[in-house]
Amino acid sequence: MRRVTGIGGICFKAQDPEKLKAWYQDHLGLEPDSEVGGVAFKWREVDQPETIGRTVWSPFPADTKYFAPSQSSFMINYRVADLDRLLDQLRREGVEVDERIEEYEYGRFAWITDREGNRIELWEPPGPK
């Protein structure tokens with residue numbers, strides 16, 4: 001079973017996310033995308049060039065609870081092909097899996113915790129339209 005298919009995004013805590021986004025825009029040319037709350041780097045799938053993908057870069061407020069229960073200042077989002085199957089496999093392997101799954105038009109999300117307490121976001125993008 002193919003587990004992770006790529007990185008969906010990098011999320012991290014910042015003292016002032018809006019000012020930090022502006023700094024990155026001014027100095028590195030990262031254009032904010034209001035749909036994702038950060039920057040969306042768009043690309044195409046190698047095996048399906050008609051499919052446009054994206055990798056998100058997103059600062060969060062320093063006091064966000066979104067990464068909880070992790071105390072880490074970052075969270076990596078990994079793209080996966082079959083979220084339900086992967087979560088079942090991870091449970092069988094003894095991985096700590098958050099029971100919550102969120103569904104949106106842009107995909108399904110679930111969370112696990114690694115052995116050092118870092119929260120990891122798993123994202124299954126929607127299938128072809």
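The values are calculated or read from the model by the stated rules, or taken from the named source; none is laboratory data. Worth saying up front: this structure is predicted, and the values here are computed from it rather than measured. All Cβ positions, even for glycine, are placed from backbone atoms using ideal geometry, and neighbour counts span all protein chains on display. Just so you know, the surface numbers come from the protein's heavy atoms only, side chains and all, with ligands and any DNA or RNA stripped out. Shrake-Rupley method; radii C 1.70, N 1.55, O 1.52, S 1.80 Å.
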Using a 1.4 Å probe on heavy atoms of the protein chains only, the accessible area for TRP23 in Å², nearest 10, reads 120
Positive end of the dipole of the chain, charges at C-beta (+1 Lys, Arg; -1 Asp, Glu), about the Cα centre: which of ILE112, VAL39, VAL56 has its Cα farthest in that direction?
ILE112
Going 7 Å from the Cα of ARG3 toward and past its Cβ, which residues in region 55-84 have a backbone nitrogen under 17 Å from where you end up?
76-84
Count, lysine Cα pairs under 21 Å in the chain, 8 or more residues apart or across chains
6
How far apart, in nm, are two points set 7 Å out from the Cα along the Cα-to-Cβ line at GLU102 and at GLU35?
1.8
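Give the percent of DSSP beta bridges with both residues in the chain that are antiparallel, rounded to the nearest 5.
Values: 27 of 36 bridges.
Of all bridge pairs located within the chain, approximately 75 percent are antiparallel.
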Percent breakdown of C-alpha pair distances by 5 Å bin, ordered from the shortest bin, for the chain:
2, 10, 18, 22, 19, 15, 10, 4, 1, 0
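For the chain, what does the helix formula give at 222 nm: sum of -39500 (n - 2.57) over DSSP H segments with n ≥ 4, over the residue count, nearest 500 deg cm²/dmol? Walk me through the numbers before you get to the answer.
Values: 2 runs with 22 residues, N = 129.
Result for the chain, helices only: -5000 deg cm²/dmol.
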On the accessible surface of the chain, probed at 1.4 Å, how many percent belong to carbon and sulfur atoms?
50
For the chain, what does the accessible surface come to per residue with a 1.4 Å probe? Please give it in Å².
65
Mind jotting down a quarter of the surface of the convex hull over the alpha carbons of region 1-65, in square nanometres, one decimal?
6.0
Nearest-10 value in Å² for the accessible area of GLU93, using the 1.4 Å probe:
90
Which ³J(HN,Hα) values, rounded to whole Hz and listed in residue order, are derived for region 85-97 from phi using the Karplus coefficients 6.51, -1.76 and 1.60 in 6.51 cos²θ - 1.76 cosθ + 1.60 with θ = phi - 60°, glycine and proline given as x?
5, 5, 4, 4, 5, 5, 4, 4, 8, x, 6, 6, 10
